[in-house]
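Structure, as structure tokens:
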Ligand code: MG
């Protein structure tokens, strides 16, 4: 149940820094609820269902996609926000939008697109998915007669822009003085709700990548015995249910691991909030990051991430598919730069050709990218 009163440091829609284009308030929804609804109805959100998280979309029906990942982040984020009396609706809006800028084929796609954009010397230099998520909601969605993008509130956009280089922040501030790029120049924090989404993202992918890793047979439960954060819960589950094994042991251990991290974040964050007592949402932005794990859980999280990197993300089978995915992106990029007319009309007509090609490819689903690749090169890579 939602606490009836949010904390003073929670983001309050009534005190939002507003939208880039002023709009009258909605009769039944506050501004953060409205942001969430706009995100759910966007085209980019629906594309997430066919975008890779770690496993390529066609490798299996049960693996996470960007969409199910985003829903899991929203669920975890809301649970934590509710317990801390932070703004659940803002957390949900940020969580659902946080991966909108991801390319097809996951990180492999992003790396390949970044290389291509840099090689082509685009004005803004390369491709970065956080910045692209902001571009999607600020510029690329075409749903409203009066403006480009979804015209979201500052607070949701601030949360979407999780990372930003100094150079990109300066470029953003030229277009929007004092806007969402400013904190990267001032080295301040985003809202507590945005900080919370970053943690929920991490909790979600650590857990579901273990699940998907075992499901794909690239990871085994025996290997996971080396990872403290997982092993402690697997052992506790086996003590409570002697003889437990296989899938149920996996699910039970992941479930316990998730809960333990969520409770840890709630407790550790409550402690730092009590210690720092921010008097408002803005005061919290000027403090050190306040949402986080206790030190031991943070440390075991780092160990788990290292394990996943070495054993799953760099597994020869994953690397092999990602190499093929990268060449799909490179081929598409070269093809569209050479022949912009091969893109959909809105993109082919743009004068900033490299940027248009980058936006076009970034927006593709895995399936559409493969279809286009086959059409333009006559080759089938998967
Ligand atoms: Mg994510």
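The values are calculated or read from the model by the stated rules, or taken from the named source; none is laboratory data. Nothing here was measured: the structure is a model prediction, and the numbers come from that model. As a convention, Cβ positions derive from the backbone with ideal geometry for all residues, glycine included, and neighbour counts pool all protein chains shown.
Checking the structure you have, find out if any residue of region 190-205 is free of Cβ contacts under 8 Å to residues at least 12 places away in the same chain and at negative phi.
So far as region 190-205 goes, no, none of its residues is free of Cβ contacts under 8 Å to residues at least 12 places away in the same chain and at negative phi.
I need the helices (runs of 4 or more DSSP H) fully contained in region 296-382, keeping only those with at least 2 residues that are modelled with pLDDT of 95 or more and under 26 Å from residue 212 (Cβ atoms).
Answer list for region 296-382: 316-338, 353-363, 366-377.
Looking only at residues in region 55-76 that are in contact (Cβ under 8 Å) with a residue 60 or more places away in the chain and over 26 Å from residue 193 (Cα atoms), which one is surrounded by the most Cβ atoms within 10 Å (Cβ to Cβ)?
The residue in question is 56.
Going by what's in this entry, would residue 142 be described as surrounded by fewer than 22 Cβ atoms within 10 Å (Cβ to Cβ), touching a residue at least 24 places away in the same chain (Cβ under 8 Å) and over 24 Å from residue 281 (Cβ atoms)?
Yes; evaluated as a whole, the condition is true for this residue.
Restricting to helices (runs of 4 or more DSSP H) lying wholly in region 163-261: which have 3 or more residues that are within 20 Å of residue 53 (Cβ to Cβ)?
192-215
Just to check your reading of the model, which residue among 277, 286, 247, 255 is out of contact with any helix residue (DSSP H, G or I) (no Cβ under 6 Å at 6 or more places or on another chain) and on the phi > 0 side of the Ramachandran plot?
Criteria check complete, one pass: 277.
Just the residues that are assigned to a helix (DSSP H, G or I) and either surrounded by 14 or more Cβ atoms within 10 Å (Cβ to Cβ) or in contact with a strand residue (DSSP E or B) (Cβ under 7 Å, 6 or more places away or on another chain) (or both), please, taken from region 11-36.
Of everything in region 11-36, those that are assigned to a helix (DSSP H, G or I) and either surrounded by 14 or more Cβ atoms within 10 Å (Cβ to Cβ) or in contact with a strand residue (DSSP E or B) (Cβ under 7 Å, 6 or more places away or on another chain) (or both) turn out to be 13, 31, 32, 33, 34, 35, 36.
Which ones in region 281-290 are surrounded by 14 or more Cβ atoms within 10 Å (Cβ to Cβ) and more than 22 Å from the chain's Cα centre (by Cα)?
281, 282, 284, 287, listed by residue number.
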